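Structure first, commentary second.
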Amino acid sequence: MRKALTIILIGIISMGLFGFLKKEKKTETNTNSVILGMVLLEEPNSFNLKGTVNELRKKWSLKVNDDDADDKAAVLVIGDYNIAIASMQIAIPDKEVESAAKHNYLWKNGVKETAKHKGHIVLSITNAGKNPVQENLLYSKLASAVMNNSKSLGIYIGGRTLVLKKEFYQENVEMMTEEDLPVYNWIYFGLRKEKGKQSVYTYGLTDFGKKEMEIVDSENSLEELNEMMFNLTHYVIAYDVKLNNGETIGISAEQKLKISESKGRFLEGTTLKIEY
């Protein structure tokens, strides 16, 4: 019965709710109870659950209960977490992935390449919300193992507007530690250039219970803004820091960047503006 209910749930998520979760703009802090993504398959029937479980056990030393599992649908238990996996023999509908890929500058030719996917694997931690960093580290291991044991192109995490190429995602996973978090696998950094000024904003920090951040109308280059926002985001997530209106922050003892909270420039609601 548990598997049947999970398959129904995953089917609903795959065909409709996932699009609902993928809101274009959000800022209110909210640690989600589900971490959800879709591995894009070049070959729909290529998923190997046994290989995935073996990798989780051997590479990451995880204790995996896979009693309720097969290559089509699986409910794994790892520690206190329930992981639902379903292999879908269809592409994600309505060109949703290709549309998101247009804005994901880290995947060159992403629109063309994601259009090749013929199936997908819905992968979720269904009872997250207790420890966002540990849960996202676990999810990265899960997604990496699934991609390694299927003919996959990459991963789509619609709730964070992320579309990441397999090789890029895996490189970040291979280097990750609890001190060196794979932030590019977790958070989208939007880059804008308008009227000779540059801006950057985060998308996904709300999943960690944090306010989204923006640097707007800066004289610094997009590369400098991206690097700064990456460092600030890593610091906020890794050390569970809450930034407040009127404070300052910096990546060195001397640097003091002013923080203010106001209506979002590129996001709805309020965001933290970093003066840089």
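The values are calculated or read from the model by the stated rules, or taken from the named source; none is laboratory data. Just so it is clear, the structure is predicted and the values come from calculations on it, not from any experiment. Cβ placement follows ideal geometry from the backbone for every residue including glycine, while neighbour counts extend to all protein chains displayed. The protein model used for the area step is the full one, side chains on, heavy atoms only, and it has no ligands, DNA or RNA in it. Shrake-Rupley method; radii C 1.70, N 1.55, O 1.52, S 1.80 Å.
In the stretch 168-276, the ratio of gyration radius to Kirkwood radius, Rg to Rh, stands at 0.95 when only Cα atoms are counted. Within the accessible area of the stretch 68-194, the carbon and sulfur atoms contribute 50%, probe 1.4 Å, all protein chains present.
Kirkwood hydrodynamic radius (Cα pairs, Å) of the chain? Answer for the chain: a Kirkwood hydrodynamic radius of 19.3 Å. Cβ-Cβ distance of Lys263 and Asp180, R₀ of 30 Å, FRET efficiency by 1/(1 + (r/R0)^6): the value works out to about 0.35. With 23 Å as the limit, the listed pairs Lys165/Lys273; Lys102/Lys193; Lys72/Lys116; Lys72/Lys130; Lys95/Lys273; Lys50/Lys72 have Lys165/Lys273; Lys72/Lys130; Lys95/Lys273 beyond it between alpha carbons. For Glu167 and Ala115, the FRET efficiency from 1/(1 + (r/R0)^6), where r spans their Cβ atoms and R0 equals 22 Å, is about 0.80. The residues neighbouring His234, those whose beta-carbon lies less than 14 Å from its own, together hold a net charge of -4 under the Lys/Arg +1, Asp/Glu -1 convention. Full extension of the chain segment joining Ser61 with Asn220 gains 52.9 nm, where the gain is 0.36 nm per residue of separation less the Cα-Cα distance.
Grab the beta carbon distance between Lys197 and Lys102, set R0 = 30 Å, and tell me the FRET efficiency rounded to 0.05. Using R0 = 30 Å, I get an efficiency of 0.85.
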